[in-house]
Amino acid sequence: MLGTQQMATKKKTNGAVQSRTAARSASAPVDAIDLLTGDHREVDGYFEKFKSAKSAADKKDLAERICAALRVHAQIEEELFYPAARKAIKDNDLLDEAFVEHAGAKILIAEIEAMQPGMPLYDAKVTVLGEQIRHHVKEEEGELFPKVRDSGVELTTLGSTMAQRKAELMELLAAAALI
């Protein structure tokens, strides 16, 4: 079990590593869909680790990673990817559903962030969030992403913009973790 000082140090270290990783990814050309798909795999890995986590500290750390990654991911999708997709594919129903799914996820994220492992429904909320995210990912990767890829959107330019914004958001999260 980690003490308060160790947890604070661990959080600072994790934030710094995430921040450096985001900064590196912002400088390399990246396809927007590849960036989002990479985020999907990263978060899915966190959910898988959460399932087998035993200690409260491990569960808390993974839940924090999940929530932070999803907040950043949703923000870059909503600010940059979805508007470009809406313009390119004109499938308002698919994009409206994605926004509604994000809204539902944000509610669960806020609830999880306000809780501690061991509290009633903590594990259940993380599990349900994972199920909702997997459903959302299946729709994005199976329906939305192919339509956007076929639409002619300049995915490398969009991806570079998204990677830069992701790096900025990760920096903000890292700075907030230091406070």
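Quick notes
- As a rough footprinting exposure proxy, the listed residues LYS125, LYS166 were ranked by other beta carbons within 10 Å of their own, and the order from fewest upward is LYS125, LYS166.
- Averaging Cα coordinates gives a centre for the range 56-133 and one for the range 34-53; these two points are 12 Å apart.
- Multiplying the residue separation of SER52 and GLU131 by 0.36 nm and subtracting their alpha-carbon distance yields 26.9 nm.
- When Rg and the Kirkwood Rh are both derived from Cα coordinates, the Rg/Rh ratio for the range 83-179 amounts to 1.05.
- Evaluated over the range 41-111, the Cα radius of gyration and Dmax, each in Å: 14.7, 46
- Residue-by-residue Karplus 3J(HN,Hα) for the range 108-125, coefficients 6.51, -1.76, 1.60, Hz, glycine and proline x: 5, 4, 4, 5, 4, 5, 8, 10, 10, x, x, 6, x, 6, 4, 4, 4, 5
- As a proxy for reagent exposure, LYS147, LYS138 were ordered by neighbouring Cβ count within 10 angstrom, fewest first; the result is LYS138, LYS147.
- Residue-normalised convex hull volume from the C-alpha trace of the range 4-178: 100 Å³ per residue.
- Across the cross-link table entries LYS90/LYS125; LYS87/LYS138; LYS90/LYS138; LYS60/LYS106; LYS54/LYS106; LYS49/LYS147, which are compared at the Cα atoms, the separations over 28 Å belong to LYS90/LYS125; LYS49/LYS147.
- In a reduced charge model with +1 at each Lys and Arg Cβ and -1 at each Asp and Glu Cβ, the range 4-178 shows a dipole moment near 820 debye about its Cα centre.
No lab work stands behind these numbers, since they all come straight from the coordinates. For clarity, every value in this text was computed on a predicted model and none was experimentally measured. With ideal geometry, Cβ positions are generated from the backbone for all residues, glycine too; neighbour counts draw on all protein chains shown.
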